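What follows is a set of notes on a single structure, which appears directly below.
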Amino acid sequence: MAFSIWFSRLRSSSKSIFIHLRTTRNTNITTSLLASNPTSKSQEPFRLFSTPLLPLALAVSAGSLAIQSQTNPSLCDSSSHDSRVVSIGGKGSTESVVKGTYKEVPQELVDELKAIFKDNMTMDYDERYFHGKPQHSFHRAVNIPDIVVFPSSEEEVSKIAKCCDKHKVPIVPYGGATSIEGHTLSPNGGVCIDMSLMNSVKALHVEDMDVVVEPGIGWMELNEYLEPYGLFFPLDPGPGASIGGMCATRCSGSLAVRYGTMRDNVINLKVVLANGDVVKTASRARKSAAGYDLTRLIIGSEGTLGVITEVTLRLQKIPQHSVVAMCNFPTIKDAADVAIAAMLSGIQVSRVELLDEIQVRAINIANGKNLPEVPTLMFEFIGTKAYAQEQTLIVQKIVSEHNGSDFIFTEEPEAKKELWKIRKGALWAGMAMKPDFEAMTTDVCVPLSHLAELISKSKQELDASPLLCAVIAHAGDGNFHTLILFDPKDEEQLQEAERLNHFMVHAALSMEGTCTGEHGVGTGKMKYLEKELGIETLKTMKRIKAALDPNNIMNPGKLIPPHVCF
């Protein structure tokens with residue numbers, strides 16, 4: 001079968017690029033941006049906790065909305081009153097370095113946190129710098145956190161919030177450090193809450209097909225735990241992502257076309273609010289009509305409303321059988337057309353991934369493969385053996401009718417595992433093409449009928465650019481990403497990368513799409529929210545923020561644009 005030849009070249013030497021790439025990128029990061037931070041280096045020994053999470057929080061109190069003062073900083077950022085000032089994240093902002101107002105952390109707060117955390121707290125400069133720079137994002141801030149704490153319980157998180165709220169010191173939750181849009185930056189300094197020690201499975205209910213976990217556990221580690229029970233958690237963002245961070249950004253992944261996004265797979269949450277209160281958002285019932293849907297309010301709030309300390313997740317049975325297929329196309333539009341046609345055929349595809357020729361080349365280089373460097377689709381079909389094979393034949397026919405070629409498929413477990421492994425390493429493979437460059441990774445989503453048009457338009461613009469750009473898409477739900485590599489020391493290249501990002505976002509918005517399908521807003525996408533959602537929607541979001549976090553300590557400067565006032 002053609003597959004045996006194809007898989008033999010796929011199986012050839014596979015390099016591990018993640019460790020090398022992370023080492024290279026970390027040693028090349030400059031420290032010039034940190035000069036504005038007046039805090040001095042601590043002599044405390046350096047340590048790194050390479051683990052997970054992020055955060056979130058609660059809903060509305062109508063009475064508190066009415067009594068907020070117009071001078072409250074959570075209602076309107078002062079810089080946005082001056083029309084001559086372009087705030088970071090505000091309309092028209094093009095600056096990549098996120099500015100902030102630095103205020104020295106009171107010694108009283110330092111002493112209070114030391115009493116709570118003892119050895120699980122650090123003011124070491126290298127540790128603070130590591131937590132102040134996202135690992136796979138070009139976004140930077142002028143400041144870094146003053147303190148990093150490692151809570152091991154919900155009670156400790158509550159104590160942190162109470163102390164920081166009393167002293168009006170910012171809190172930035174920190175998970176797996178895989179976010180793209182600057183979510184974990186600390187532009188105003190403050191306290192970084194690294195959730196990596198809260199990584200346990202608290203309860204597994206096999207008959208109910210749900211699990212209760214702490215936010216610091218990674219999705220990959222969770223699935224290793226669940227596998228002996230015949231269950232799995234279906235969302236699969238980048239390797240290293242934590243469950244808390246996945247809730248915070250409302251992420252999805254390649255399986256979202258079959259199982260939905262994070263909002264569809266979380267049953268309830270426990271959240272620590274800015275004042276230290278702990279709230280559980282719902283019961284463990286699979287459905288409920290009891291009151292406001294606080295669970296969905298917190299999912300996607302990016303730590304601006306509170307810190308997630310517990311998550312109850314909906315699980316799925318591991319599929320009985322699966323088939324993985326690949327096929328090639330002369331153009332990226334042809335590939336996108338097939339993805340749309342496959343979805344319209346009515347079959348239940350579990351994955352539809354699109355890679356352009358640049359991304360395939362990156363995979364070949366990084367993994368020592370020899371795949372055809374042309375636009376490529378990857379499918380996964382699941383169910384009984386007969387059903388999965390039937391779906392495969394239907395899609396093979398669709399491919400043949402849309403200029404597709406080299407349709408190959410496998411049911412061999414190791415071959416399927418290898419395929420998805422290299423797909424999951426696509427980001428690092430792309431960055432390894434120019435290891436000294438930064439990567440601007442943008443993410444847009446449109447109604448499925450517009451996907452081919454959007455990808456085709458974007459691809460023309462990307463190919464005409466002097467920058468190296470790769471496209472990868474979750475094509476089954478209209479979501480695609482672009483990896484744009486640029487020299488961070490070259491301002492013209494940075495501006496060109498930003499221009500390409502701007503082009504794709506506005507093209508998506510013109511097609512009734514969104515500026516972010518799964519990466520979230522952070523600092524990088526704030527400037528597009530007014531065009532996408534409208535000013536009244538943003539004002540409503542800000543009212544909710546002000547009601548739950550009147551001192552604006554919860555991950556300030558993220559999600560809600562600074563020019564929004566009420």
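The values are calculated or read from the model by the stated rules, or taken from the named source; none is laboratory data. Small disclaimer: the values here were computed from a predicted structure and weren't measured. Note that we place each Cβ from the backbone using ideal geometry, even for glycine, and neighbour counts take in every protein chain shown. Heavy atoms of the whole protein, side chains included, go into the accessibility calculation; ligands, DNA and RNA do not. Shrake-Rupley method; radii C 1.70, N 1.55, O 1.52, S 1.80 Å.
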For region 326-378, what does the alpha-carbon gyration tensor say about shape, rounded, prolate or oblate, given a ≥ b ≥ c as the root eigenvalues, a/c under 1.5 as rounded, and a/b over b/c as prolate?
prolate
Pulled fully out, how much extra length does the chain show between GLN348 and VAL201, if you take 0.36 nm times their separation in residues and subtract their Cα-Cα distance?
49.8 nm
Computed about the Cα centre, the charge dipole of region 108-147 from +1 Lys/Arg and -1 Asp/Glu charges at the Cβ has a magnitude in debye, to the nearest 20, of 280
Exposure ranking of TYR129, TYR229, TYR174 by accessible area [1.4 Å probe, largest first]:
TYR229, TYR129, TYR174
Calculate the length of the line joining the C-alpha centroid of region 190-244 to that of region 133-167, in whole Å.
21
Rounded to a whole number of µm²/s, how large is the Stokes-Einstein D of region 368-420 at 10 °C and 1.306 mPa s, given Rh as the Kirkwood radius over C-alpha pairs?
127
So how far, in whole Å, is the C-alpha centre of region 504-525 from the one of region 276-349?
18
If you take the square roots of the eigenvalues of the alpha-carbon gyration tensor of region 346-465 and sort them as a ≥ b ≥ c, do you get rounded (a/c under 1.5), prolate (a/b over b/c) or oblate?
oblate
Charged-residue dipole, Cβ positions (Lys, Arg, Asp, Glu), region 351-505 about Cα centre, Debye nearest 20:
520
Quick one: give the max-minus-min coordinate of the C-alpha atoms of region 283-398 along each principal axis, largest first, in Å.
51, 35, 26
I'd like the distance between the alpha-carbon centres of region 374-396 and region 531-566, rounded to an integer number of Å.
44
Just flag the trypsin sites (Lys or Arg not before Pro) in region 485-563 sitting in loop per DSSP whose Cβ has no more than 13 other Cβ atoms within 10 Å.
LYS489
For region 348-474, dividing by residue count, accessible area per residue (probe 1.4 Å) in Å² works out to 38
